[in-house]
């Protein structure tokens, strides 16, 4: 719908009360229509048939055709329906969005530094979580009930321009005039403009936020490259210096390691050689002791045995001395080997410590580069997360607004080629009275049926058949027209006007209409909708009002 100057047509249209259904082939005259309504109204009258309670009969004051006014208003290639009496109205909710300008101002004020920009986003993560409030715009008279609009769209195709006078009908004067309709249309246009403006603001905010975040991320990535370039140069320089120092220390360590190893090696080799010599002597002494023992066993002379015993003692003493020498040599060898191991380990530890000391600056530079770039990447991640969160909330609001616009477009009648102006929906209004009480009944526009097999088989009489003949064309339209009864009952002035017009134009009291009813009764009898007895009964009832 496009907003434009609204022109309210001066044309008037009237809809048919009774529309033949597809299965009815015979004509249904206005006389038959009035006669059917009279039969239904009379059948619905309280007859007060209880003799015990002595109930008084209800009086049928009038039966008159009335015209309910609705406006068909052009709006952007479609049509809006307004209830001429203003009994229906539509309330449109308008969700108020947060102040987008305040949000934009804060972003502009804090986009110079990353820290300030991140803090600004953090403060506004919940800014678009909920609407700031809800306004309700009431459009008096606007009809938007889906079922009613669907039924009216079909019904309005049967309307004709009211060229003839509507003098025999109760014509209800619209309480909503052209000026009010123009004001209502202006409200609708403004509501749509506000909604579109809200969508525009939210989209602009989304784009503005995304653009600023992209620019800030671009700046941070540039900072990351600068950090990497700065540290890469320092690391390269430090690495070269470290390599030189490492080579010097390695060379010195190798020389020292070689000297130490050689010194210990010479001493160890001397001890090992001495140990081999001692072990060889030990083996020889053991062999000699063994030979002496064998000779002792073979010799029988006392003097020889004594000599061999002394000799064996001397050998054993040498063995003991030699074994002690071997033990001492072994201990010295193991001590020297342990000392060598400790010395070499100490040198290696000192070497590694010095190398680590040299590489410490290099590792520190690499660690600083990693920490600083990780911090910047974390800033990028946080900016992305906060921006997505806020833009998602804004787009959720946009979606809500678009859904409202979609619903807003559905308040019009489908089809653009629709005549516009004041349209009267016909219905019959009946007033009953009993003592000081009055009662109103409406008969809404109906579909005229043919007498089916079921109706004939049931053998229905009177009102039952009439109900089968005239069937309400729309439940939604019934409910719409029934709103007139409470209005009449609550408004004494309207009731006075309606009652006077109803009596004046009653199909029971106005001669030409009463004649038409009489003819319609005969036509109903010929179609078997009423019996001859019912015809006489209704004719007598009609005669009373003559």
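The values are calculated or read from the model by the stated rules, or taken from the named source; none is laboratory data. All values derive from a computational prediction rather than experimental measurement. Every residue, glycine as well, gets a Cβ built from its backbone with ideal geometry; the counts of neighbours run over all protein chains shown.
Quick check: is even one residue across the range 51-58 surrounded by 15 or more Cβ atoms within 10 Å (Cβ to Cβ) and modelled with pLDDT of 90 or more? No, the range 51-58 has no match at all.
Residue 518 satisfies every condition listed in (1) crowded, with 18+ Cβ neighbours inside 10 Å; (2) under 14 Å from residue 429 (Cα atoms); (3) in contact with a helix residue (DSSP H, G or I) (Cβ under 8 Å, 6 or more places away or on another chain) except (2).
Could you please let me know if residue 212 is in contact with a strand residue (DSSP E or B) (Cβ under 6 Å, 6 or more places away or on another chain), assigned to a helix (DSSP H, G or I), surrounded by 14 or more Cβ atoms within 10 Å (Cβ to Cβ) and in contact (Cβ under 8 Å) with a residue 60 or more places away in the chain?
Details: in contact with a strand residue (DSSP E or B) (Cβ under 6 Å, 6 or more places away or on another chain): no; assigned to a helix (DSSP H, G or I): yes; surrounded by 14 or more Cβ atoms within 10 Å (Cβ to Cβ): yes; in contact (Cβ under 8 Å) with a residue 60 or more places away in the chain: yes.
Answer is no for this residue.
Being touching a strand residue (DSSP E or B) at 6+ places or on another chain (Cβ under 7 Å), part of a helix (DSSP H, G or I) and over 30 Å from residue 219 (Cβ atoms) is true for just one of 345, 400. Which residue is that? Residue meeting the stated conditions: 400. Determine whether the range 241-249 contains at least one residue that is assigned to a helix (DSSP H, G or I), in contact with a helix residue (DSSP H, G or I) (Cβ under 6 Å, 6 or more places away or on another chain) and within 30 Å of residue 374 (Cα to Cα). Checked against the condition, which is being assigned to a helix (DSSP H, G or I), in contact with a helix residue (DSSP H, G or I) (Cβ under 6 Å, 6 or more places away or on another chain) and within 30 Å of residue 374 (Cα to Cα), the range 241-249 yields at least one hit. Kindly establish whether residue 418 is closer than 28 Å to residue 81 by Cβ and modelled with pLDDT under 85. The answer is yes for residue 418. Only one of the numbered conditions (1) exposed (fewer than 12 other Cβ atoms within 10 Å of the Cβ); (2) part of a helix (DSSP H, G or I) is violated by residue 221, and that is (1).
For the criterion of being at pLDDT 85 or above and part of a helix (DSSP H, G or I), residue 40 passes. You will find that of 62, 128, 82, the residue that is modelled with pLDDT of 90 or more and under 32 Å from the mean Cα position of the chain (by Cα) is 128 and no other. In the range 124-131, the count of residues that are out of contact with any strand residue (DSSP E or B) (no Cβ under 9 Å at 6 or more places or on another chain), in contact (Cβ under 8 Å) with a residue 60 or more places away in the chain, assigned to a helix (DSSP H, G or I) and farther than 24 Å from residue 181 by Cα is zero.
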